[in-house]
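Visitor: After the structure tokens below, expect a handful of questions from me.
The values are calculated or read from the model by the stated rules, or taken from the named source; none is laboratory data. Computed from a predicted structure; not experimentally measured. Every residue, glycine as well, gets a Cβ built from its backbone with ideal geometry; the counts of neighbours run over all protein chains shown.
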Amino acid sequence: MKIKRNNVYLGVALASLTMTGALVSPQAAALTKAERMAEAANNKTEILEAQLRAMQDELASLRAQVSNTAPTTAVDSQKVQELDAWMTSVKSEPVKAKSKDNMLYFRGGYTRNDQPMAATTNSFGNGINNAPLAMTSTGHTGGWNFGAGVDFSLNDDMFGLMDKTELLGELDLNYVDLGKFTSGLTPTLAGGLAPGTTASQSMLRISASPKIKFLKGSAVRPWIIPVGFTLNVISPPSQANAITELKPAMNFGTGVDWNIWKSLYLGADVRYFLATNRLDNTNVNGLTAGGTLGFGF
């Protein structure tokens, strides 16, 4: 009987233990699962926090870079805008042909001297009071001239003094022909036994002058020569007993050039040549007037 009771007690105890284990096992399992979920959540939170900190650091770095490069970017942007504005203004302007300010010209026309040169050329004397030679005809005061010259552009605005007013340097060669006259030198030397000889009365003028030309960029451009230097070479020489051929003088002029087509110019000019004294009593003063044909380069 005793053994039977012990078996009963053992069975009851075993059943109790089984029921307790059955009750405890789900609770333990549930507890373990909750802990794992909590741990996983904590890990994810830490990962998100680490990613957030990394993003914040990267954002701060980008802001620092932007703040450092902002002034340069603004300057570059301003330069680009200025270049764009300049290119737009250049494109909107009409195309201008390059002006050819230098010129090779040819001129010719009428010549008139203040006095005929032959009256003193064929004479004896001291260059002040001369006696004419026998059988000498009176020379002419009027004639014709032909020459050529070159204009060199020096400045476009008179060194800042006048807009559209060009300063040029001119080199001019001009031949003057005053006709023919009868020279009495040969019959005088031959004691009247030889006839008089016919000679040409001419002069070469070599001039270097400043030229002021107005209205740069216009088709019609007036100009002036305030004063220039001229070397007069006369033929025949001054007188029989004091042969002189060269006489320095001044020249003054005015005129106009008209650009008729491309580099082709037509014009007109008037010039006066003035010596301060006579060349052995020979007056070389006179004027030229006529037209010009020029080629710009």
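Visitor: Test VAL233 against the criterion of being within 19 Å of GLN201 (Cβ to Cβ) and surrounded by fewer than 17 Cβ atoms within 10 Å (Cβ to Cβ), and give yes or no.
Guide: Yes.
Visitor: Here are some residues: THR88, THR73. Which one is of a type in the set (S, T, N, Q), at pLDDT below 75 and not assigned by TED's automatic domain parsing to the domain that holds GLY255?
Guide: THR73 is the lone residue from the list that is of a type in the set (S, T, N, Q), at pLDDT below 75 and not assigned by TED's automatic domain parsing to the domain that holds GLY255.
Visitor: Something else: Does LYS44 satisfy being assigned to a helix (DSSP H, G or I), over 60 Å from the mean Cα position of the chain (by Cα) and at pLDDT 75 or above?
Guide: yes
Visitor: Conditions: (1) within 18 Å of ASP101 (Cβ to Cβ); (2) β-branched (Val, Ile, Thr); (3) out of contact with any strand residue (DSSP E or B) (no Cβ under 7 Å at 6 or more places or on another chain). ILE212 meets all but one. Number of the miss?
Guide: With (1) within 18 Å of ASP101 (Cβ to Cβ); (2) β-branched (Val, Ile, Thr); (3) out of contact with any strand residue (DSSP E or B) (no Cβ under 7 Å at 6 or more places or on another chain) applied to ILE212, the lone miss is (3).
Visitor: Still on this structure, I have one more. I'd like to know if region 264-274 contains one or more residues that are at pLDDT 95 or above, surrounded by fewer than 13 Cβ atoms within 10 Å (Cβ to Cβ), over 20 Å from GLY179 (Cβ atoms) and assigned by TED's automatic domain parsing to the domain that holds ALA199.
Guide: Yes, because at least one residue in region 264-274 is at pLDDT 95 or above, surrounded by fewer than 13 Cβ atoms within 10 Å (Cβ to Cβ), over 20 Å from GLY179 (Cβ atoms) and assigned by TED's automatic domain parsing to the domain that holds ALA199.
Visitor: Given the structure, is ARG221 surrounded by 13 or more Cβ atoms within 10 Å (Cβ to Cβ), farther than 18 Å from GLY108 by Cα and of a type in the set (Lys, Arg)?
Guide: So ARG221 passes the test.
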